[in-house]
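Working notes, structure below.
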Amino acid sequence: METNWIETEIAKGLQGLLCLSLDRQPALELIEGTLAMWCKVVTNGRIFDERRDPPRFRAAFLTLAGRRTWPVPQDFIEALPSNVTPIHKPKLLDDERTKKARLVAFDEIRKTLGIKKPEGDDAA
């Protein structure tokens, strides 16, 4: 699996965090090893999609940048926004013709089943 884009995104995110001088930040000479370990932990047992996930990585690092202490890879994983896009079904609004047709159909069903029309039901 090609993960160069993942390493690039994590490197950019860690660079941004370095600029903040967060508490418990690793020493600069350890950043290369920190990057390598983050890449291993983040990709371990997970599949990411280069077309979908870079914005999620950036959003996670933005979230982590609001903290006072240097994060661990698990903090990053927990900060990743969901990759599930909710489906928004448009609300269907019935026009008058559809409402009348539905009432006629209900009347036919009532007649077929021998159910009397409720009193006060003069909508049809």
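The values are calculated or read from the model by the stated rules, or taken from the named source; none is laboratory data. Computed from a prediction, not measured in an experiment: that's the story for all the values here. Ideal geometry is used to build each Cβ from the backbone, glycine not excepted, and the neighbour counts take in all protein chains shown. For accessibility, only protein heavy atoms count, side chains too; no ligands or nucleic acids. Shrake-Rupley method; radii C 1.70, N 1.55, O 1.52, S 1.80 Å.
Students often get this wrong, so try it: which of (i) 7.2; (ii) 11.8; (iii) 14.9 is mean projected area of the Cα convex hull in nm² as calculated from the structure shown?
Step by step, mean projected area of the Cα convex hull in nm² for this structure corresponds to label (iii).
Can you tell me the length gained on complete extension of the stretch M37 to R110, counting 0.36 nm per residue apart and subtracting the Cα distance?
Extra length from M37 to R110 when fully extended: 19.4 nm.
For the chain, what is the charge dipole size about the Cα centre, in debye to the nearest 20, if Lys and Arg each add +1 at the Cβ and Asp and Glu each add -1 at the Cβ?
Roughly 500 debye for the chain.
Can you give the accessible area of C39 in Å² (nearest 10), computed on protein heavy atoms with a 1.4 Å probe?
Here the accessible area works out near 20 Å².
By how many degrees, between 0 and 90 and to the nearest 10, does the Cα long axis of helix 54-64 differ from the longest principal axis of the chain?
70
Over the chain, give the accessible area per residue in Å² for a 1.4 Å probe, as an integer.
Here the residues of the chain average 77 Å² of exposed surface.
Label T63 and K12 with points 7 Å out from Cα along Cα→Cβ: what is the distance between them in nm?
Computed distance between label sites T63 and K12 equals 1.8 nm.
Share of the chain's accessible area from carbon and sulfur, percent, 1.4 Å?
Within the chain, the accessible surface is 55 percent carbon and sulfur.
Can you tell me the 0 to 90 degree angle between the C-alpha axis of helix 31-43 and the longest principal axis of the chain, rounded to 10?
Around 30 degrees separate the two axes.
Kindly express, to the nearest 10 degrees and within the range 0 to 90, the angle between helix 4-18's C-alpha long axis and the longest C-alpha principal axis of the chain.
70
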